[in-house]
Amino acid sequence: ICISHNLKKFWKQLGITNEKLLTLHDGFSSQLFNRLENRTISRNKLGISLKSRIAMYIGSLYPDREIEKIINVAQKVPEFEYYIIGGPEKYRKYYLEMTNDLSLKNVKILGHIPYKKVPKYLASADILLALWSNKVPTMNFCSPLKIFEYMASGRIILAHSFITIKEVLEDNVDSLLVDPNSEDDLARKLELISGNSNMEFLAKNARKKAIKNYSWNSRVRKIISQISSTN
């Protein structure tokens, strides 16, 4: 069972027959995302200003994620507040020092949060950032969990257009895809959203697709169906 089509291609090249391979991306918990959280209620509970426009990243802060790209873009597109959530702690401190040196007031670096709070933080955002870099060793084969939780959150997604991400997300249909090698492209897409009040269809389409195709329950049903049909 392969978590991406590109990973399936890899195994086929090593001689595994197509009949023994099934592609199923990762998914999200229906229990955590079964309803669309209200943005206002979520912000009130988290103590986040209702006036802010928030672009949020939740994930690892390891160097190969190149979080500095978000910090650089925060200077170019200052109308958003940028929430960066994750660890390890030593990298949180590193990026916090970077923002302090730049005197950036529109970047919040929160560190780890309890997993049960993730849906509430995602719901508080206007834009969810699904960003990596070419340095991530598994990038061409992986199926990042954040993609499916972002989709289920019903918020606009800005995602780097790596090959495995494009297996799930479609540009200008359920997300805006961004050139992984261009901070300027990321800035342009943020400005596009900022200047266009008609982009919520992306969020609605993403949530609809997630619920239809990418819950863990749906994944298990497909696995059982495949096994049953080959026995």
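Worth a mention:
- Search result, residues across region 63-112 that are among the aliphatic types (A, V, I, L, M) and touching a Phe, Trp or Tyr at 6+ places or on another chain (Cβ under 9 Å): I67, I70, I71, V73, A74, I84, I85, L104, V107, I109, L110
- Subset of region 133-147 (residues that are in contact with a Phe, Trp or Tyr (Cβ under 8 Å, 6 or more places away or on another chain) and open to solvent by 10 Å² or more (accessible area, probe 1.4 Å)): N140, F141, P144, L145
- Flag for V107 being modelled with pLDDT of 95 or more, in contact with a helix residue (DSSP H, G or I) (Cβ under 8 Å, 6 or more places away or on another chain) and either over 26 Å from K204 (Cβ atoms) or surrounded by fewer than 18 Cβ atoms within 10 Å (Cβ to Cβ) (or both): yes
- Selection over region 206-231 of residues that are over 24 Å from the mean Cα position of the chain (by Cα) and not hydrophobic (A, V, I, L, M, F, W, C) gives a count of 7.
- Pairs linking a residue in region 167-187 that is within 11 Å of L131 (Cβ to Cβ) to a residue that is among the polar types (S, T, N, Q) and not in a loop (DSSP other than H, G, I, E, B), with Cβ atoms under 7 Å and 6 or more positions apart or on different chains, are E183/N72.
- Considering residues of region 148-190 that are over 17 Å from A125 (Cβ atoms) and assigned to a helix (DSSP H, G or I) only, the residue most open to solvent (accessible area, probe 1.4 Å): R188
- R221 passes every criterion in (1) closer than 26 Å to I67 by Cα; (2) out of contact with any Gly (no Cβ under 7 Å at 6 or more places or on another chain) apart from (1).
- Being under 21 Å from Y62 (Cβ atoms) and without any contact (Cβ under 8 Å) to a residue 12 or more places away in the chain holds for only one residue in K108, K90, and it is K90.
- Subset of region 75-104 that is of a type in the set (D, E) and surrounded by fewer than 19 Cβ atoms within 10 Å (Cβ to Cβ) - its residue that is nearest to G47 (Cα to Cα): E79
- Annotation note: of R65, R43, R53, R39, the sole residue that is surrounded by 14 or more Cβ atoms within 10 Å (Cβ to Cβ), out of contact with any helix residue (DSSP H, G or I) (no Cβ under 8 Å at 6 or more places or on another chain) and in contact (Cβ under 8 Å) with a residue 24 or more places away in the chain is R65.
The values are calculated or read from the model by the stated rules, or taken from the named source; none is laboratory data. In this text the structure is predicted, and so the values were computed from the model without any measurement. Don't worry about glycine lacking a Cβ; one is built from the backbone with ideal geometry, like all the others, and counts go over all protein chains shown. These area figures cover heavy atoms from the full protein model, side chains too; ligands, DNA and RNA do not enter into them. Shrake-Rupley method; radii C 1.70, N 1.55, O 1.52, S 1.80 Å.
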